[in-house]
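Here the structure comes first, spelled out in structure tokens, and everything after it is commentary.
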Amino acid sequence: MRLRTSLSPGRISLRPLGLAAAAVLAPFPASALGGPLPVAAATPAPSCAAPGEHAFPLATRIRGGPTEYQPGDGSSTWYIDLTNTTRRSCAGIHPVVVLVDDRHELKAGQARLDFDDGSRVHPVTFESTDEKELVGVLDAPGFGGFSVLPGKTVSVRVRLALTQEAVVPDQVTANAAAVQRRGQDGDWVGESDAYRFGVGTPMSPAPEPPGDQDGTPVAQDLTGTGTGTGAGQTA
């Protein structure tokens, strides 16, 4: 999964991203996904992406993280800002965090992430893709996703730490996609800028993307602030 430029929001299948991404489809741990969905999950919230729109309804960015992590140190806090640029409410929103290290040696068990839903802190499970990317969905049993009212911003607090086994020196690029749960699949409704940090070394510039990919971020800096609604913290 490469969070590069997407032409428009739309329906996506989360299953190719692995078990971690599949967890967004139902409020169960990945190991229980084979069971039936509860009634609530079978009635998706109204889509916050209108047909024919060519821009994501949620302006998404990562902010506040450090430029360097030391393996074995404590967690560092950063935020995923979700700003609703439409006149429609967006409910059932689950950010999906993707970590890609330059050396392709960072393993799922070496990155420890959790998020605050406004009342509780939940751990995030990373899964590794075939492209050596770590994918983690902000989801938990009983958590129905974040809600963002029109014109408002919800700031989701996350904490990241790397275990002592993480290889140094290395450089990591983090991105966040905003996905609205839609039955068995999801609507891709937001995509963040890149957050880059060093592991055991200062941050360095991001490498040039491959020639067949456009690395231009879809979501630019937020153009406004407001009082967040639903879970999470307000900007």
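The values are calculated or read from the model by the stated rules, or taken from the named source; none is laboratory data. All of these numbers come straight from a predicted model, not from anything done at the bench. All Cβ positions, glycine included, derive from the backbone under ideal geometry; neighbour counts span all protein chains shown.
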Residue by residue through the range 162-195, note down the ones that are part of a loop (DSSP other than H, G, I, E, B) and either free of Cβ contacts under 8 Å to residues at least 24 places away in the same chain or among the hydrophobic types (A, V, I, L, M, F, W, C) (or both). A166, V167, V168, A194
Tell me which of these G151 doesn't satisfy, since it passes every other one: (1) farther than 20 Å from H104 by Cα; (2) assigned to a strand (DSSP E or B); (3) modelled with pLDDT of 95 or more; (4) not aliphatic (A, V, I, L, M). (2)
Given the conditions (1) outside any strand (DSSP E or B); (2) surrounded by 24 or more Cβ atoms within 10 Å (Cβ to Cβ), and given that T201 satisfies all but one, which numbered condition is not satisfied? (2)
Residues of the range 85-140 classified as touching a Lys or Arg at 6+ places or on another chain (Cβ under 6 Å) and either among the acidic types (D, E) or part of a loop (DSSP other than H, G, I, E, B) (or both), total: 3
Quick check: anything in the range 70-78 surrounded by 23 or more Cβ atoms within 10 Å (Cβ to Cβ), on the phi < 0 side of the Ramachandran plot and modelled with pLDDT of 95 or more? no
Condition set under 16 Å from E191 (Cα atoms) and among the hydroxyl-bearing types (S, T, Y), scope the range 119-159, selection surrounded by the fewest Cβ atoms within 10 Å (Cβ to Cβ): answer is S155
